[in-house]
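Notes follow the structure.
Rule-based calculations on the coordinates, nothing more; no lab input. Being a predicted model, the structure only gives us computed values, none of them experimental. We place every Cβ from the backbone using ideal geometry, glycine too, and count neighbours over all the protein chains shown.
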Amino acid sequence: MAVNSFILYNGKYHSRNEFGLSFKNRAFCYGDALFETMHANGTEIQFFDDHMTRLKYGMKILKMEIPTIIETGFIEKEIIKLLHKNKLYQGVRIRLSVYRNEGGKYTPTDNNVSYIIETEYIENDHYELNHKGLIIDIFKGIKKPVNVFSSLKSANALIYVMAGSFAKKKKLGDCILLNDKENLVEGISSNIFIVKGDILSTPPLKDGPVAGIMRKQILKIADSNGLKINYEDSLNETHLLNADEVFLTNSISGIRWVLAYKDRRYFSNIARQFVDKLNMMAFK
């Protein structure tokens, strides 16, 4: 069987090509699921504890029963076994999905869950800054609602699908979502950071961004390196137009710097410094 051809479903290995889910699966029918996407270098999973903390928080919000393997963190060993089975020893993207077991329609019959772990080879075993800066725009077609679900990594991703379609049509590197107050929220799969002078700003969680794992690390780095941090005040298009630097972050790519928004051009000084510091933090 080919390398990287297994997935792990509730503790059992299955061929990726032969595995299938029921058409009654609640993730498929109702988006009743959460997921974590993690970066690994060989069998070292970056920021694993932070990912599990976010996952368990989301499961509690959705009233899902947290299985012992996730509650105790033992699932990390299961992921590592899967990496070995798929002979993945360098850069890896890991996706851990949890969904409520089938039964019922909108109202579930119980709150027990199943999980699936998938692995995929990627080129970057460490975080590397993109050589060519991104060109971005604001996606205004649909506003992201702000509620208790906003910060979760859920299977309800239609707004990101539509934003991605917009970016593809416009041939953009990414685009920025807004909430119903016209405040900046996040990118398609990333948190956004804006640098102006010695102040690093990112949209506050009250404005609706996903509570990004990489967002958390960048705030730690900024704090330890003497930058002033603003993660409480809302940001809007004016902040983009006045920025010295803009970059996007997520757990797989790390940091991606933005070259341009409209006629505004940006530097990448802080992004370059932070990539080095991020690697020192993530790969010990």
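When only the Cβ of Lys, Arg, Asp and Glu is charged (+1, +1, -1, -1), the dipole of segment 6-121 relative to its Cα centre reaches about 240 debye. Rounded to the nearest 0.05, the FRET efficiency derived from the C-beta distance between TYR121 and GLU71 at R0 = 35 Å is 0.75.
Straight Cα distances below 25 angstrom link LYS24 to the lysines LYS12, LYS56, LYS60, LYS63, LYS105, LYS153, with same-chain residues fewer than 8 positions distant left out.
Using a simple spin-label model with pseudo-atoms 7 Å out from Cα toward Cβ, LYS181 and ARG264 lie 1.9 nm apart. In order along segment 55-65, phi translates into HN-Hα couplings of 4, 5, 4, x, 5, 5, 4, 8, 6, 8, 6 Hz, rounded to whole numbers, per the Karplus curve 6.51 cos²θ - 1.76 cosθ + 1.60 with θ = phi - 60° and x for Gly and Pro.
Where in segment 109-127 does the label zone of ASN225 land, with the point 7 angstrom along Cα→C-beta and an amide N cut-off under 20 Å? Only 125-127 fall inside the zone, counting backbone N under 20 Å.
Taking only Cα atoms, what is the 0 to 90° angle, nearest 10, from helix 269-282's long axis to the longest principal axis of the chain? With both axes taken from Cα atoms, the answer is about 30 degrees. For the residues ASP137, ASP180, ASP32, a GNM of the chain with alpha-carbon springs under 10 Å puts the largest fluctuation on ASP180.
I'd like the FRET efficiency for THR109 and ASN10, computed as 1/(1 + (r/R0)^6) with the beta carbon distance as r and R0 of 25 Å, rounded to 0.05. Each step should come with its number before you reach the end.
Working: r = 18 Å, r/R0 = 0.72.
The formula returns an efficiency of 0.90 here.
Compared with the dominant principal axis of the Cα atoms in the chain, helix 75-85 is inclined by about 80°.
Note that the chain, at 37 °C in a medium of 0.692 mPa s, gets a Stokes-Einstein diffusion coefficient of 165 µm²/s from its Kirkwood radius over C-alpha pairs. Label separation (LEU205 vs LYS171): 4.0 nm, computed from points 7 Å beyond Cα along the C-beta direction. Spin-label model, THR43 to ASN242: label points 7 Å out along the Cα-to-beta-carbon direction sit 5.2 nm apart. Which residue fluctuates the most in the chain, going by a Gaussian network model with Cα springs under 10 Å, if the choices are ALA271, ALA40, ALA211? Of ALA271, ALA40, ALA211, the most mobile in the Gaussian network model is ALA211. The length gained on full extension between ALA157 and GLU18, counted as 0.36 nm times the residue separation minus their Cα-Cα distance, comes to 47.5 nm. At q = 0.13, 0.23 Å⁻¹, what is the base-10 log of I(q)/I(0) for segment 214-284 according to the Debye formula with one equal point scatterer per Cα and no solvent? Please give it to two decimals. One equal scatterer on each Cα of segment 214-284 leads to -0.40, -1.17. Taking the C-alpha atoms only, the angle from helix 158-170 to the longest principal axis of the chain is near 50 degrees. For the chain, set up a GNM with springs between Cα atoms under 10 Å and report which of LEU172, LEU82, LEU96 has the largest fluctuation. Looking only at LEU172, LEU82, LEU96, the biggest GNM fluctuation is shown by LEU172. Computed per residue of the chain from DSSP H runs no shorter than four, each worth -39500 (n - 2.57), the mean residue ellipticity at 222 nm is -8000 deg cm²/dmol. Among beta bridges identified by DSSP and lying wholly in the chain, the antiparallel ones come to about 80 percent.
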